[in-house]
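The values are calculated or read from the model by the stated rules, or taken from the named source; none is laboratory data. The structure presented is a predicted model; accordingly, all values stated were derived computationally and were not measured. With ideal geometry, Cβ positions are generated from the backbone for all residues, glycine too; neighbour counts draw on all protein chains shown. Please note that ligands, DNA and RNA were not included when accessible areas were found on the heavy atoms of the full protein model with its side chains. Shrake-Rupley method; radii C 1.70, N 1.55, O 1.52, S 1.80 Å.
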Amino acid sequence: MVPIAFDGCFGWLHPGATDFGVVLCGPDGDEELNVRYLWLSFAEKLASAGMPTLRFDYRGTGDSIGDCWAPGQVRAWSDSVAGAVNWLRDQVGVKAVALVGLRLGAPLAVAASRELGNIDALVLLAPVVSGRTYARELRLRMKLDHALARARGRPEKVRRGGPTANEDVEAAGFVYTSETLADLERLNLFEVSRCPASRILILKRRLDTSTNERLTAHFRELGADVSEEEFVGYAAFMQPAQLAEYPRAAFDCVASWLKQFSPCRGAVSPPSTPQVQLEPSGCVEEPILFGKQLSLFGVVCRPPSVRLDVPVLMFLTTWWAPHVGQGRMWVTMARYFAQLGFTSLRLDVAGVGDSFVGLDKPNPSTRLENAIDNVQAALDWLQSKGHSRFVLIGLCWGALLARSVSLRDDRVSGQVLINLPPARETLRSYLWFVRDRLARDLKSRWRILRREKKVFSSFKRLATVVIHNAWLGLRSACFRMWRDEGVPDVGAKESRDFLAYRADTLLVYNQGEVGLYELQSSKEVKSVTNVRLEVLEDGDHPFYRSSSRRRLTNLIEDFITTGRSLPHRPKE
C-alpha cells in the first residue's frame, strides 16, 4: 500500500502488475467506518490479481480536506471520483479503468463515469438507486438515535418529533446539511440518460430484486452489456465493524469479472514511499507507516511550525473503529488543536482501519498487549522526531489502552480517558447502573402516567420497564463475571487503584456509563489530586451528537492548555 494525495483527497494505491486499474468508490458515513478494513482487504485482493487499485476518502470525509458544512458536497464527492481516475491514469500509467461503487459510491461512480466518458467497466454493489430513499434512511437513522437517547432517560435534552425535510440531519454522528440532502435526493439511477460504461456488473441485494431488474433493463436500453448477480453475504458484510464479515463469494465474483478485461502488460507505479502532505486550514497532515514491516498506520497533524515544548496528542479509538473516529471526531479535534500549536497522531492499531495484517477480516482477537506494543512503537517514532511528552486520548476500549500504556511508559505525561469501562465489571457496579436506569425510567413513565387516562395500561408498562431493566442488569452482571468477554486482564487491579495513575488524568463520562458507578463507589479516588472527573449529562457513549463532541473538545482543550489537573471532586 502506498499513501497518496490528489485534489485535497487522501487515498491509498495498491500497486498491481497490469495496465487495467480499479478505483473503489466506497460508501459514506457510518457505513464507510464499518466496512473500511474489509474494503481495504478487497483492494488488496484486486491488487494481488494484477490490477492497480485506488481507494480514497471523498473530499470533506475521512482524512481528506474539507468538512460537512461546505456547499456542494455531493458534487465534490463525484469530482473526487473523477480526480481519482485521472490520478490513476496520469501517475500509474493505466490504459483502462474500472469503477467499483458500494452503496452511495455507486451513483457517485455513475455520475463520474458520465462526466469522464472513458470508463471501461462499472461495478455497482448494492447500489443506492434512489437518493430520495437514501435521504429518508438518514432521517430515520436520526430518529432512531433520538429514540435511543430518550430510552436512556434524557427526553428533555432531545428534540421531539425528529427532523423535517428542510433541516440538517445528524445520523450516527455524521452531519448532512439541508443542501446536501437536497442534492442527494436528486440522485436517481433511473434518470441516467447516457450509458456510463460499456460493461456493467450489478450485485443486487435480495430485497431489491425488482428494483435492480428494472435498473438492469434501463442500462441495457442505454446500450450497456449488463450482468447481474446476487450480493451473497451482504447482510453479514454491512454490520457494525466488530461483527462484519468479509463477503468472499461476492468479492471473488467481482474480481473474476474484472480480471477478464485486464490486459497482461505492465503498469508503471509511483515511488514506493512518496512524500504525501495535505494542508487543511491552519495545519499540515502527513500519513506515516511505521512498526514491523511498516504495517502500522497513522496520520500526523501538526501546526505549520512544530513546537517541541508542548506534548503530542495521540488519539486512540475503540478496538474496531478506524482512526478518523465517529463522525470524524478525531480528525476535527486534531485539526483544531493544531491551530492551537499542538501536534497530534491519529493511530490505527494492527488489524483496524488502515493497519493491514491480512486479507478477509480484521483480527477479532485484538488484545491489549499487542495494542500496547503498537502505541509504544508510535511513541518511539514520535520521539525520534524530537518529541518527549505525550498525552493519550482514548474512547472506551481506547481509554483502556491509554490507561495501560500510561501505567507502563513514563513518557506519557497526561491522559484523557473517555467512558473508561471497568476492566472487570462487578455486581455492585451493575447494581448502581440498574438503580440509575430504573430511577430515570420511572421518572419518565410517571410523567406519562399523570397525563394518561388508561391507568391500568400505564401501570402495566411501568412494571414492564422495572422487570426489563432488572433482568438486563442481572444478565449482564452474570455474563461478565463468569465469562471473559475479551476485556484483557492487563491493569485490572490498577484500574481501581487511582493512586497508581502517575500521569495527570481527565476522566470524562456520559451519565449512565457503567464505569462511572464503579468510579463513584471507589474510596481511593477521593484522595487523588491529579485525577479530574467530568460528567456529561446528555451525552451518548459513541458521541454521535456534535454538541457532545464540542463539549468534549472544550474539556480536552482546558486540560492540555492549563498544564495541570484540577483536584478531583466526585459528583454528589
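As a summary of the residue check, Gly105 satisfies the conditions (1) in contact with a Leu (Cβ under 6 Å, 6 or more places away or on another chain); (2) closer than 28 Å to Glu286 by Cβ except for the one numbered (1). Which one of the conditions (1) out of contact with any Asp or Glu (no Cβ under 9 Å at 6 or more places or on another chain); (2) modelled with pLDDT of 95 or more does Ser269 fail to meet, given that it meets all the rest? For Ser269, the failing item is (2). Of all the residues in region 50-70, those that are surrounded by 24 or more Cβ atoms within 10 Å (Cβ to Cβ) and β-branched (Val, Ile, Thr) number 2. When Ala98, Ala47, Ala84, Ala76 are screened for being open to solvent by less than 10 Å² (accessible area, probe 1.4 Å), of a type in the set (A, V, I, L, M, F, W, C) and either part of a helix (DSSP H, G or I) or touching a Lys or Arg at 6+ places or on another chain (Cβ under 7 Å) (or both), only Ala84 passes.
One residue stands out in region 101-120 among those that are over 29 Å from the mean Cα position of the chain (by Cα) and either closer than 15 Å to Pro27 by Cα or of a type in the set (A, V, I, L, M, F, W, C) (or both): the one that is most open to solvent (accessible area, probe 1.4 Å), namely Leu116. Of all the listed residues (Thr164, Thr133), the sole one being polar (S, T, N, Q), surrounded by fewer than 16 Cβ atoms within 10 Å (Cβ to Cβ) and modelled with pLDDT under 90 is Thr164. On the given criteria, is Val391 out of contact with any strand residue (DSSP E or B) (no Cβ under 7 Å at 6 or more places or on another chain) and of a type in the set (Val, Ile, Thr)? Answer is no for this residue.
From the list Leu184, Leu215, the one residue that fits, being in contact (Cβ under 8 Å) with a residue 24 or more places away in the chain, in a helix (DSSP H, G or I), touching a Gly at 6+ places or on another chain (Cβ under 6 Å) and open to solvent by less than 10 Å² (accessible area, probe 1.4 Å), is Leu184.
The set of residues in region 187-212 that are β-branched (Val, Ile, Thr) and either open to solvent by less than 30 Å² (accessible area, probe 1.4 Å) or in a strand (DSSP E or B) (or both) comprises Val192, Ile200, Ile202.
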